Amino acid sequence: MPKLSVITSIYNAERYIKESLDSIFAQPYTDFELILIHDGSTDNTLELLQPYAERPNVILLQNKYNEGYGFSRNRGFVIAQGEYIAIHDADDITLPDR
């Protein structure tokens, strides 16, 4: 079980999702799971998420329709395994050593 669960709800974020997620994986802390909730984007966001979904500590959930951040985050809370939970928005950049 990871110490930290990071929950990210994502909707139409193709412009910045790669930089955002790369900033999480650039952290020296590695005892985390990343829960990505694809919230029915209409752009190429889902295709950009696929390489991340192949990582062993990443879970990708998909909403059939755009349900909104509250609904999506709650889906993440339900499956989170970490002792602590962090919210990372799709356009956030995590600074080194967060």
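Read-outs throughout are calculated quantities, based only on the coordinates presented, and are distinct from any laboratory measurement. It should be emphasised that the depicted structure is a prediction, and the values quoted were computed from it without experimental measurement. Neighbour counts are summed over all protein chains in view; Cβ atoms, including those assigned to glycine, are modelled from backbone coordinates with ideal geometry.
Only Lys, Arg, Asp and Glu carry charge here, each on its Cβ (+1 for the first two, -1 for the last two); on that basis the chain has a dipole of about 240 debye about its Cα centre.
Whole number please: convex hull volume per residue of the Cα set in segment 1-56, in Å³? Walk me through the numbers on the way to the answer.
On the way: hull volume 4.0 nm³, N = 56.
Spelled out: Cα convex hull of segment 1-56, divided by residues, is 71 Å³.
The label-point distance for Arg98 and Phe25, in a model that sets each label 7 Å from Cα toward Cβ, rounds to 1.5 nm. As an equivalent ellipsoid, segment 48-98 spans semi-axes of 18, 15, 14 angstrom, where each value is the square root of five times an eigenvalue of the C-alpha gyration tensor, largest first. Projecting the Cα atoms of Pro28, Gly68, Met1 onto the dipole axis of the chain, where Lys and Arg carry +1 and Asp and Glu carry -1 at the beta carbon, places Met1 farthest toward the positive end. At q = 0.10, 0.12, 0.15 Å⁻¹, what is the base-10 log of I(q)/I(0) for the chain according to the Debye formula with one equal point scatterer per Cα and no solvent? Please give it to two decimals. Values, matching the q order: -0.22, -0.32, -0.52.
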